[in-house]
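This report concerns only the one structure given below.
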Amino acid sequence: MRVEEQTIEGRNAVLEAFRAGKTVDKLYVLDGCEDGPIRTIVREAKKHDTILNFVKKERLDQMSETGKHQGVIALTAAYAYSEVADMLRAARDKGEDPFLFLLDGIEDPHNLGAIIRTANLVGAHGVVIPKRRAAGLTATVAKASAGAVAYTPVAKVTNLSSTMEELKKEGLWFVCADMGGEVMYRMNLKGPIGLVIGNEGSGVSKLVKEHCDMTASIPMKGDIDSLNASVAAGVLAYEVLRQRML
């Protein structure tokens, strides 16, 4: 599967990427460099709400593929992002209740790719991710999704909680994965639903959890007490699918 190049290096190239409207997920800038061109690039990054990382020259040298980064490297989306409204429209066009994944800070690109793959397989209408403190649609994510990223829309939002409140007005209700919740097999997971999966380490954040309507737990019989985030997403998603097929 071919994906677009995800790395842009050099001051002119990065600046042109911003001005051309290309989606830049993360920008790496040489720490302490404050000359005119760099300030202009940083200003553009802030304007587009790009995640900024100020790093040492050694880090940029390691990341560079050309050896000519000039103190700045941008990571762009391998695929274009969608809008949440498009996901709801797709559900309506199919005559289905909306089924969305909302990911609260999934940072591992392999996990994100695996979840997008699962979302496609269970018939979800899209995946919603936050702009900050989360993996974006990089080439690694696209590869891990096994091609699903080309078919399952992904939206990037500024505030996950606000998006959930807007979706509630559209009739969706939200269930989050958490060990302290009701066993998922005892829950009614039918209807317009958003499945909320939390960060690999800290789980669903307190603020996002407060916007959820229900909390579901996955029964476990082993010696450890947690699943990988993408595996947990898959287990819960297939219970949603099972109930939707009844």
Can you find a residue that is part of a helix (DSSP H, G or I) and touching a Gly at 6+ places or on another chain (Cβ under 9 Å) anywhere in the stretch 4-12?
yes
Can you work out which of the residues in the stretch 156-165 that are of a type outside the set (Ser, Thr, Tyr) and touching a residue at least 60 places away in the same chain (Cβ under 8 Å) is surrounded by the fewest Cβ atoms within 10 Å (Cβ to Cβ)?
Val157
Kindly evaluate Val240 against the criterion of being over 21 Å from Pro130 (Cβ atoms), open to solvent by 30 Å² or more (accessible area, probe 1.4 Å), in contact (Cβ under 8 Å) with a residue 12 or more places away in the chain and part of a helix (DSSP H, G or I).
no
Any chance the stretch 20-27 includes a residue that's modelled with pLDDT of 90 or more and either open to solvent by 60 Å² or more (accessible area, probe 1.4 Å) or touching a Leu at 6+ places or on another chain (Cβ under 6 Å) (or both)?
yes
Taking Ile129, is it free of Cβ contacts under 8 Å to residues at least 40 places away in the same chain and of a type in the set (A, V, I, L, M)?
yes
Any idea which of Glu65, Glu34 is over 30 Å from Ala229 (Cα atoms), assigned to a loop (DSSP other than H, G, I, E, B), among the charged types (D, E, K, R) and touching a residue at least 12 places away in the same chain (Cβ under 8 Å)?
Glu65
Quick check: anything in the stretch 77-92 within 19 Å of Gln6 (Cα to Cα), open to solvent by 60 Å² or more (accessible area, probe 1.4 Å) and modelled with pLDDT of 90 or more?
no
Just checking, does the stretch 135-149 include any residue being modelled with pLDDT of 95 or more and touching a strand residue (DSSP E or B) at 6+ places or on another chain (Cβ under 8 Å)?
no
Does the stretch 42-59 contain at least one residue that is at pLDDT 90 or above, surrounded by 23 or more Cβ atoms within 10 Å (Cβ to Cβ), aliphatic (A, V, I, L, M) and in contact with a strand residue (DSSP E or B) (Cβ under 8 Å, 6 or more places away or on another chain)?
no
I need every pair where a residue in the stretch 137-155 that is more than 18 Å from Gly105 (Cα to Cα) and open to solvent by less than 10 Å² (accessible area, probe 1.4 Å) has its Cβ under 8 Å from the Cβ of a residue that is of a type in the set (S, T, N, Q) and assigned to a loop (DSSP other than H, G, I, E, B), sequence separation at least 6 or different chains.
Thr152/Ser145
First in the stretch 76-94 and closer than 17 Å to Ala148 by Cβ, second anywhere and of a type in the set (Lys, Arg) and in a helix (DSSP H, G or I), Cβ under 9 Å, 6 or more apart:
Ala78/Lys143
Of (1) out of contact with any strand residue (DSSP E or B) (no Cβ under 7 Å at 6 or more places or on another chain); (2) surrounded by fewer than 18 Cβ atoms within 10 Å (Cβ to Cβ); (3) at pLDDT 95 or above, Asp213 satisfies every one except (1)
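The values are calculated or read from the model by the stated rules, or taken from the named source; none is laboratory data. Note that this is a predicted model, so its numbers are computed, not measured. All Cβ positions, glycine included, derive from the backbone under ideal geometry; neighbour counts span all protein chains shown. Ligands, DNA and RNA are stripped out before the accessible areas are found, and what is left, the full protein with its side chains, is counted by its heavy atoms. Shrake-Rupley method; radii C 1.70, N 1.55, O 1.52, S 1.80 Å.
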